[in-house]
Amino acid sequence: MKFEDFALDTSIIQSLEAMGFEKPTPIQEQAIPILLDHRDIIGCAQTGTGKTAAYLLPVIQHIAQESPQHINTLIIAPTRELALQIDQQLEGFAYFTPVSSIAIYGGRDGASFEREKKALLKGADIIIATPGKFIQHLNLGYVDLSHLKHFILDEADRMLDMGFFEDIMRIASKLPKQRQTLLFSATMPPKIRTMAKKILIDPAQINIAISKPAEGVFQAAFNTFDNQKVPLIEHLLTAKQVSSVLIFCSTKRSVKQIQQALEDLKFSVSSIHSDLDQSEREKVLLGFRNRQINVLVATDIVSRGIDIEDIGLIINYDVPRDAEDYVHRIGRTARAESTGTAITLINPDDQYKFRKIEKLIGRSISKGQLPEQLGPGPRSKSNPQRPQKDNFHRSKKGPKKRS
Ligand code: ADP
Ligand code: MG
């Protein structure tokens, strides 16, 4: 299948060529015809499957045909990074069309708030916003949504995790009933289904959500004690000589500690977490993309959606709380059929969580030997015997015979 097979404007086809998109990804193949047909949709697919183009291309098509004078499309995304990234992709796709857009997100100065307000008053075709910031504008009363045609929720599961349910429902309540609503999510917990029931009408469902990491990722893990983790990272960074390494931690505190420790070891390292304001985060990401910084330590805020190409090595300093997050974290490497390595450090407390991950992805991940100078690591706690026992009891009891 080719992009030309959809009834897309030549200006859009042209921009796809310029961006090097040769053929649609599976979710694009399925979603684009349905969206061009103005139907609501629930799209469930993991990170890196091309959801952004799947929803942007039909929207750009509709706008290019109708040349609306009012806000036509509202895209809500969980983080500033993602809002910005969607806007950047949009600029590419809409390059040869007159479609206008603005990204609206928090953490900036008064001048940008005024600029956002102006764009909202003028009626930019596409608004891409974080929920909180959009509500601030909404509360000031000048946002006219009465002509809105498309409402898009990107990374809905993430937004609910971040506590945006009420905000999203508030925003939805201000929109015309006659509209197309799209919901994209990497996972489909019951909360998402509840929300979908409230704001979508007879949606088509697309599921590409087998939680499997990209094919090209080589995955490995080490059982370590906490005090062996930094020396192990030092060893890995020195041994692997990769120019681009992303280290994930669950907490802001450990992000800062590891950054400090690696700085002391003279690595070129920076970090990104929620304490940084927008311009600081952008600066860090830019430095990392340009290879001015080789090692980036981050909380999960960058693990979803943010596209940094060619990360050669991902290190999970700890085991992510959700098994799905593991897939998101390691999805940062080996994008678009390249190869990469993902290494997870497992302390004794995390072994249980890691087994859950192995279950989710359907295979066990090989455990490496710690380098000798680090001393012995913890033993792998074998799987608890209980399940076997239970089976034994059950089969012995069997169904009671009613005699
Ligand atoms: P998702 O939102 O599902 O995580 P994105 O839309 O951010 O994924 O896409 C991931 C990466 O793949 C981006 O760099 C994007 O430019 C690229 N991409 C998406 N669709 C295609 C395609 N059809 N051909 C080539 N690259 C694509
Ligand atoms: Mg996305």
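Exactly one residue among Pro320, Pro231 is under 22 Å from Asp349 (Cβ atoms), touching a residue at least 40 places away in the same chain (Cβ under 8 Å) and crowded, with 23+ Cβ neighbours inside 10 Å, and that residue is Pro320. When the residues of segment 164-178 are filtered to those that are in a loop (DSSP other than H, G, I, E, B) and within 19 Å of His147 (Cα to Cα), the one that is nearest to ligand 1 (Cβ to nearest atom) is Leu175. Of all residues in segment 154-178, those that are crowded, with 21+ Cβ neighbours inside 10 Å, within 16 Å of Lys197 (Cβ to Cβ) and not small (Gly, Ala, Ser) total 2. Every test in (1) closer than 18 Å to Glu81 by Cβ; (2) part of a helix (DSSP H, G or I) is passed by Lys117 save one, and that test is (1). Counting only helices (runs of 4 or more DSSP H) that sit wholly inside segment 1-114, those with at least 1 residues that are in contact (Cβ under 8 Å) with a residue 60 or more places away in the chain, farther than 21 Å from Leu200 by Cα and within 16 Å of ligand 2 (Cβ to nearest atom) are 26-36, 80-93. Cβ-Cβ distances below 7 Å connect the following pairs, each with a first residue in segment 140-163 that is in a helix (DSSP H, G or I), a second residue that is surrounded by fewer than 16 Cβ atoms within 10 Å (Cβ to Cβ) and not charged (D, E, K, R), and a separation of six or more residues or different chains: Asp157/Pro189. Candidates are the residues of segment 179-191 that are at pLDDT below 95 and part of a loop (DSSP other than H, G, I, E, B); the one that is nearest to ligand 1 (Cβ to nearest atom) is Ala186. Is it fair to say Ala129 is under 22 Å from Pro58 (Cα atoms), crowded, with 22+ Cβ neighbours inside 10 Å, small (Gly, Ala, Ser) and touching an Asp or Glu at 6+ places or on another chain (Cβ under 8 Å)? Spelling it out, it is not the case that Ala129 is under 22 Å from Pro58 (Cα atoms), crowded, with 22+ Cβ neighbours inside 10 Å, small (Gly, Ala, Ser) and touching an Asp or Glu at 6+ places or on another chain (Cβ under 8 Å).
Only a single criterion out of (1) more than 9 Å from ligand 1 (Cβ to nearest atom); (2) hydroxyl-bearing (Ser, Thr, Tyr); (3) crowded, with 19+ Cβ neighbours inside 10 Å is not satisfied by Thr47, namely (1).
Can you spot a residue in segment 36-44 that is more than 16 Å from ligand 1 (Cβ to nearest atom), surrounded by fewer than 21 Cβ atoms within 10 Å (Cβ to Cβ) and closer than 20 Å to Val143 by Cβ? There is no residue in segment 36-44 that is more than 16 Å from ligand 1 (Cβ to nearest atom), surrounded by fewer than 21 Cβ atoms within 10 Å (Cβ to Cβ) and closer than 20 Å to Val143 by Cβ.
The values are calculated or read from the model by the stated rules, or taken from the named source; none is laboratory data. Since this is a predicted model, take the numbers as computed values, not measurements. So basically every Cβ, Gly included, is an ideal-geometry build from the backbone, and we count neighbours across all protein chains shown.
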